1. For Q95, what residues show an amide H to amide H distance below 5 Å, using hydrogens built from the backbone and excluding near sequence neighbours?
2. Compare the peptides 106-115, 128-137 by average per-residue count of other Cβ atoms within 10 angstrom and give them in order, highest first.
Amino acid sequence: MKILLPIAAALLLSVSTQAQFKNPQYQKAPQQKMNFQSKGAPMPNFVINKSSGGNFSSQSLVKGKPVMIMIFSPDCDHCGHMLDSIKTIKHLFKQTQVVLVAEDRTKSQMLPFIKKHNLNQVGIYKAIGTNKGDLIAALYTFKILPQVMFYDSNHKLIRILDGNSYSLKDLKQYIK
């Protein structure tokens, strides 16, 4: 009888615990994937492989300053034209931190593209490199490149512009 009492108590406790977890008030809420494309969404954490060597992460961005992230492809003529145009307004980038990122599969094309468009001479880019994780998957709207995301000084999304919907004039209103 002394042996049966602890076994019965353990069994009763186990059944009671299982019943609690089956009760909806004790169940975990389902995990929801963050939508980084909605206005006000936080900038996702990221790491990119810099074309000049090493890595650059979102943690390297200065808090309290706005950010512009451009997703581009080195084989996209329109992307090259937009980056050439940005050089003409580089003086407007007093506070805005700019990151250029392309897919990792284009890594071999990056240095020739950077040289062709003199991107290292522009002086406004915090980092130019390729996606090391899920940054592009989290942000890209799958419309047309280049795609630009503007974040406020709290690194919350203000606006996404894709290659079809903006001009240099549109960019100017978000640059500080």
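1. HN-HN under 5 Å from Q95: K176.
2. On the way: 106-115: 15.2, 128-137: 18.8.
Result, highest mean first: 128-137, 106-115.
Readers should treat all values here as calculations from the given coordinates under stated rules, not as data from a laboratory. Not measured: the values here are computed from a predicted model. Methodologically, a virtual Cβ is constructed for each residue, glycine included, from the backbone with ideal geometry; neighbour enumeration extends over all protein chains shown.
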